[in-house]
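Just below is one structure, and these are the notes that go with it.
What follows is calculated from the coordinates using simple rules that are stated; it is not laboratory data. Quantities reported herein were computed from a predicted structural model and do not represent experimental measurements. Using ideal geometry, Cβ is built from the backbone for each residue, glycine included, and neighbour counts are taken over all protein chains shown.
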Amino acid sequence: MIVGLLSIELHLAGARSLKDKRAVLRRLKDRFAKLNVGVAEVDHQDLQQRARIGVVTIGSDRNVAERTLERVVSEIERVEPGVLLRSDVEWLT
């Protein structure tokens, strides 16, 4: 079994309030639901233009888990272009 943890830093320049930020994060989380991953906002909850989210996937094959996490990053870039600052993957075995 392998667990992939994707840490994502986002800059939401268009967010004028925490409500705007939550709307963007909700839209992304809804998109991730079809990818069968777990998602949580893990830092910067009190900042309106910044977010850090954690995305986790569990599988029996690292290649499958890696493709799943790559699809998450692609989905962010497709749905909200220009907000992704950084993404890092950790593998837990």
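Overview of results
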quantity	calculated
Gain upon complete extension [Glu9, Asn36; 0.36 nm per residue less C-alpha separation]	7.7 nm
Calculated P(r) over Cα pairs in 5 Å bins from 0, in percent (choose from (i) 3, 14, 27, 25, 16, 9, 4, 2, 0; (ii) 3, 13, 18, 18, 18, 12, 8, 5, 3, 2, 1, 0; (iii) 3, 12, 19, 16, 13, 10, 9, 7, 5, 4, 2, 0), label	(i)
Nearest 10 degrees, 0 to 90: helix 18-32 Cα axis against the chain principal axis	30
Qualifying trypsin sites (Lys or Arg not before Pro) in the chain, DSSP loop, other Cβ atoms within 10 Å at most 11	Arg16
Relative contact order [Cα under 8 Å, 6+ residues apart], the chain, whole percent	49
Stretchable slack from Lys29 to Val56, in nm (0.36 nm times residue separation minus alpha-carbon distance)	8.5 nm
Amide N of the range 74-93 lying under 17 Å from the label point, which is placed 7 angstrom from the Cα of Arg67 along Cα→Cβ	74-75
Positive-pole candidate from Val24, Gly59, Ser7, dipole of the chain, charges at beta carbon	Val24
Estimated dipole of the chain in Debye, rounded to 20 [Cβ of Lys and Arg +1, of Asp and Glu -1, Cα centre]	420
